[in-house]
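Colleague: Below is one structure. I have some questions about it.
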Amino acid sequence: DPDRPGHFWSAHEYIQGGWHVWCGEFSTVTTMGHSHDNLIHGRNTKFYATGANPGERVHFLASLQPGPSPAIGQLGGLVLEIGAPIIYLSAATADSNGDAQAQVMVPSNTPVGITVYSQAVAQRGAGGASSIMSVLATGVVY
């Protein structure tokens with residue numbers, strides 16, 4: 001699909017000596033990109049996600065522990081690369097390019113030098129069964 005990189009269409013099938021017509025879409029995009037600006041205690045920072053579906057709600061999560069996380073029921077049992085307890089940071093809607101960003105305040109009492117592990121997730125499918133997660137991002141608080 002020229003409007004959605006990584007998405008493809010197929011419309012033919014040969015079964016038992018004859019062609020049958022069907023149409024199906026499939027995607028090679030199975031994970032999102034994720035990054036954030038510098039984490040400075042007492043200041044706002046931006047968290048970014050790429051590779052979501054346009055208009056999709058993207059949730060930004062963090063932890064002070066590396067993963068794996070417990071299986072998350074709302075995300076169809078997805079296991080994240082961040083550990084428990086998981087901190088819900090914010091959510092944003094992906095733009096027409098599938099990019100989302102959220103501004104988050106790093107609390108002023110966050111210790112300098114601590115490592116923060118974060119991921120973005122998007123809930124997809126019935127019961128979250130097709131949900132996706134981003135790559136892991138890490139950052140040290142300044």
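The values are calculated or read from the model by the stated rules, or taken from the named source; none is laboratory data. Keep in mind that what you see is a predicted model, and the values were worked out from it rather than measured. Virtual Cβ from ideal backbone geometry, glycine too; neighbours counted across all protein chains shown.
For (1) touching a Phe, Trp or Tyr at 6+ places or on another chain (Cβ under 6 Å); (2) assigned to a strand (DSSP E or B); (3) surrounded by 12 or more Cβ atoms within 10 Å (Cβ to Cβ), each residue gets a yes or a no:
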site: Ser96; (1), (2), (3): no, no, no
site: Gln103; (1), (2), (3): no, yes, yes
site: Thr110; (1), (2), (3): no, no, yes
site: Val116; (1), (2), (3): no, yes, yes
site: Val121; (1), (2), (3): no, yes, yes
site: Gly127; (1), (2), (3): no, no, yes
site: Ser130; (1), (2), (3): no, no, yes
site: Met133; (1), (2), (3): no, yes, yes
site: Thr138; (1), (2), (3): yes, yes, yes
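Colleague: Turning to a different aspect of this structure: Could you list, in sequence order, the residues of region 35-89 that are among the charged types (D, E, K, R) and touching a Ser or Thr at 6+ places or on another chain (Cβ under 8 Å)?
Modeller: Asp37, Glu56, Arg57, Glu81
Colleague: Using the structure shown, decide if Gln74 is surrounded by 12 or more Cβ atoms within 10 Å (Cβ to Cβ), farther than 19 Å from Ser131 by Cβ and without any contact (Cβ under 8 Å) to a residue 60 or more places away in the chain.
Modeller: no
Colleague: Which residues, taken from region 15-49, are assigned to a loop (DSSP other than H, G, I, E, B) and modelled with pLDDT under 80?
Modeller: Answer for region 15-49, where residues must be assigned to a loop (DSSP other than H, G, I, E, B) and modelled with pLDDT under 80: Gln16, Gly17, Thr28, Val29, Thr30.
Colleague: Does Ala52 qualify as being crowded, with 20+ Cβ neighbours inside 10 Å and either at positive phi or not in a strand (DSSP E or B) (or both)? Please lay out each step first, then the result.
Modeller: Working: crowded, with 20+ Cβ neighbours inside 10 Å: yes; either at positive phi or not in a strand (DSSP E or B) (or both): yes.
Yes.
Colleague: Gly42 - would you say it is surrounded by fewer than 19 Cβ atoms within 10 Å (Cβ to Cβ), more than 17 Å from Met32 (Cβ to Cβ), touching a residue at least 24 places away in the same chain (Cβ under 8 Å) and of a type in the set (Gly, Ala, Ser)?
Modeller: yes
Colleague: Next up: Got at least one residue in region 83-90 being in contact (Cβ under 8 Å) with a residue 60 or more places away in the chain and not hydroxyl-bearing (Ser, Thr, Tyr)?
Modeller: Within region 83-90, not a single residue is in contact (Cβ under 8 Å) with a residue 60 or more places away in the chain and not hydroxyl-bearing (Ser, Thr, Tyr).
Colleague: Go through (1) in contact (Cβ under 8 Å) with a residue 40 or more places away in the chain; (2) more than 30 Å from Ser10 (Cα to Cα); (3) crowded, with 18+ Cβ neighbours inside 10 Å one by one and return the number of the condition Ser69 breaks.
Modeller: Only one criterion in (1) in contact (Cβ under 8 Å) with a residue 40 or more places away in the chain; (2) more than 30 Å from Ser10 (Cα to Cα); (3) crowded, with 18+ Cβ neighbours inside 10 Å is unmet by Ser69, namely (1).
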